[in-house]
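Participant: One structure is given below, represented as structure tokens, and several questions about it will come after.
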Amino acid sequence: MGERGTRPVEVTDDPGTSRYKARLGQELAGFAQYVDSEGLIAFVHTVVDPAYEGQGVGSALVRTSLDAARASGTPVLAVCPFYAGWIARHPAYQDLLYREESRVRD
């Protein structure tokens, strides 16, 4: 294995499987499972192969998928604890979080 940063993490969206997939070279290093509904994307589960932990795979998955959500103007529901924790540590992404607003008025 190379040291952290020697191989870039490539992240792509695979809408057919509802996953963002992270690769190091040709190897699948991890994925982020999502549910995309009209007007909201929920990130529900993130997996990083133990062989690739500590190499920025999880962060690359989150950053790439959140940047795509921002570009499309889609609010994010961070069901996955990894996503929720990452967003909590990166204030620049907190504005993407879905905030339920009641439509009931007094």
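Participant: Please give the number of the condition residue 65 fails out of (1) surrounded by fewer than 19 Cβ atoms within 10 Å (Cβ to Cβ); (2) small (Gly, Ala, Ser); (3) under 8 Å from the mean Cα position of the chain (by Cα).
Facilitator: Result: residue 65 fails condition (1) only.
Participant: Among the candidates 46, 12, 17, which residue alone is in a loop (DSSP other than H, G, I, E, B), of a type in the set (S, T, N, Q), modelled with pLDDT of 95 or more and in contact with a strand residue (DSSP E or B) (Cβ under 9 Å, 6 or more places away or on another chain)?
Facilitator: Values: 46 fails: in a loop (DSSP other than H, G, I, E, B); 12 fails: in a loop (DSSP other than H, G, I, E, B).
None of the other options fit; the residue is 17.
Participant: On to the next question. For residue 86, all conditions in the list (1) part of a strand (DSSP E or B); (2) within 26 Å of residue 8 (Cβ to Cβ); (3) touching a Leu at 6+ places or on another chain (Cβ under 9 Å); (4) not polar (S, T, N, Q) hold save one; what is the number of the exception?
Facilitator: Among (1) part of a strand (DSSP E or B); (2) within 26 Å of residue 8 (Cβ to Cβ); (3) touching a Leu at 6+ places or on another chain (Cβ under 9 Å); (4) not polar (S, T, N, Q), the lone unmet condition for residue 86 is (1).
The values are calculated or read from the model by the stated rules, or taken from the named source; none is laboratory data. Only a predicted model underlies this, so the values are computations on that prediction, with no experimental measurement involved. Because the Cβ atoms are built from the backbone with ideal geometry, glycine has one as well, and the counts that use them run over all protein chains shown.
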